[in-house]
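To start, the structure itself, in structure tokens.
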Amino acid sequence: MKRILIAHDGSKSSERALRKGLDIAEKFNSAVAVITVVPSLYLTELMDMDREKILDTLTADAKKMMTGIKVRSGKIRSLKTLIKQGSPADEILKAAERMKSDMIVVGSHGRHGAQKFLLGSVSSKVIDHADCSVLIVKD
């Protein structure tokens, strides 16, 4: 297992996925990329200026989160962080394809965990469309 992509959105589930993915990477001496996706804002009620401010804030928060992940990554030989904007599942799948991932690691539910009894929509879409193995880390 040479390349592992770990999806992280700041949720408890993604934090568990991060720990599990880093453990696996350490055991197999794998290169790791951790991706977070700032979701696109399609709210028509927002003015463009407000939408940009929100996106800037979300992006700044994502950068802080990724910096913290780099610090905590421990003995991983190669760790890259990615911050993308768009549909989380789509961006995760694109990144996995670009880096030729051997595995994608995602949490079972993200920040938008309204569906406590169902698999989260992002993890479900990743499972359905990934060209590599997908590890779902359950809460």
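The values are calculated or read from the model by the stated rules, or taken from the named source; none is laboratory data. Computed from a predicted model, the values in this text were never measured in an experiment. Quick reminder, even Gly has a Cβ in these numbers, built from the backbone with ideal geometry, and neighbours come from all protein chains shown. To get the accessible areas, we keep the full protein, side chains included, count just its heavy atoms, and leave off ligands, DNA and RNA. Shrake-Rupley method; radii C 1.70, N 1.55, O 1.52, S 1.80 Å.
The residue among L55, L18, H8 whose Cα reaches farthest toward the positive pole of the charge dipole of region 1-85, with charges on the beta-carbon of Lys, Arg, Asp and Glu, is L18. Computed over protein heavy atoms with a 1.4 Å probe, the accessible surface of the chain works out to 61 Å² per residue. Principal axis analysis of the Cα atoms in the chain yields extents of 48, 32, 26 Å, listed in decreasing size. Taking Cα centre as origin and charging only the Cβ of basic (Lys, Arg, +1) and acidic (Asp, Glu, -1) residues, the dipole magnitude of the chain rounds to 780 debye.
Measuring against 27 Å, Cα to Cα, the residue pairs K2/K63; K53/K125; K75/K125; K53/K75; K20/K84 contain K53/K125; K75/K125; K53/K75 as the ones spanning a longer distance. Among the DSSP helices (H) of the chain, none spans at least 20 angstrom by Cα along its long axis with an average Kyte-Doolittle hydropathy of 1.0 or more; this is a geometric and hydropathy rule only. To put it simply, the accessible area of region 24-102 at a 1.4 Å probe is 54 percent carbon and sulfur.
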